[in-house]
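The values are calculated or read from the model by the stated rules, or taken from the named source; none is laboratory data. Just so we're clear, the structure is a prediction, and the values are computed from it rather than from any experiment. Note: ideal-geometry Cβ built from the backbone for every residue, glycine included; neighbour counts use all protein chains shown. All accessible areas refer to the heavy atoms of the entire protein, side chains included, with ligands and DNA or RNA removed. Shrake-Rupley method; radii C 1.70, N 1.55, O 1.52, S 1.80 Å.
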Amino acid sequence: MIAVKNLRKSFGKLTVLEDLTLDLNQGGIYAILGPNGSGKTTFLKVLLGMVLPDKGTIHIDQADISKSNDYRKNLGYLPQIARFPDNITVSELIDMIIDIRQVPAKPEPLVDLFGLNPFLDKKLGNLSGGTRQKVNIVLTFMFDTSVLILDEPTAGLDPVSLIKLKELIADARKQGKIILITSHIMNLVEELADQIIFLLEGEIYFQGSLTELKEKTKEKDLEHAIASLLKS
């Protein structure tokens, strides 16, 4: 579970998160949505330990993340753009991440799933953007973590790979994991998300199911429901 209480973060005079409180006490797929500048990225970076909050607490599986870095072993993170050295090979990268994290990993089934065997000895700098994203997916899902943070996970993926990614996400949900997704692709969110968490000016403006959001906004689809929230 993830418990966020009174989280606040400012950069100079700009308040990005303002007393954000959030409880995710069961597994499922949670879509973190909001316009640019709403606090989505900052919230995720605080959750990952990349940004320190000015105030508030976050507990993951009842552990205060400000007290230790051990909680990160239970996180899987797929960034929107992952930066790795261009001169190392795919297999070297996989081995390096396993060595850094020091927890059991199962990359082989994922390598097979995304057809990456022919690329294992190729340097990252020679790969297409879509192939790099497949590698990043392997790095994220090869560990058995209780929380997955997926930031624009579909970037650069072909339709077949997208289907495979959605299957991985669905399997993680069945295992009771908490999956946080940010995406500008509303069809993907509408298909996958159990709950919508809409941030606006650093606060939670709406949290609930897609059905509840449609009822609140009296709209028929997510895209128009989000537009209605912004107008109001």
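If I ask for residues that are within 21 Å of E203 (Cβ to Cβ) and either part of a strand (DSSP E or B) or touching a Lys or Arg at 6+ places or on another chain (Cβ under 6 Å) (or both), which ones from segment 42-66 would you list? Correct list: T42, V51, P53, D54, K55, G56, T57, I58, H59.
Residues in segment 209-227 that are surrounded by fewer than 16 Cβ atoms within 10 Å (Cβ to Cβ) and in contact with an Asp or Glu (Cβ under 9 Å, 6 or more places away or on another chain): S209, D221, E223, A227. Scanning segment 153-204 for residues that are in a loop (DSSP other than H, G, I, E, B), out of contact with any Asp or Glu (no Cβ under 7 Å at 6 or more places or on another chain), surrounded by 17 or more Cβ atoms within 10 Å (Cβ to Cβ) and in contact (Cβ under 8 Å) with a residue 40 or more places away in the chain yields P153, A155, K177, A193.
So, in segment 184-212, of the ones that are hydroxyl-bearing (S, T, Y) and touching a strand residue (DSSP E or B) at 6+ places or on another chain (Cβ under 7 Å), which residue ends up farthest from L113 (Cα to Cα)? The extreme case among them is Y205. The set of residues in segment 78-92 that are open to solvent by less than 80 Å² (accessible area, probe 1.4 Å) and either touching a strand residue (DSSP E or B) at 6+ places or on another chain (Cβ under 7 Å) or polar (S, T, N, Q) (or both) comprises L78, P79, I88, T89, S91.
Within segment 56-74, at least one residue is small (G, A, S), open to solvent by 60 Å² or more (accessible area, probe 1.4 Å), modelled with pLDDT under 90 and within 20 Å of M1 (Cβ to Cβ).
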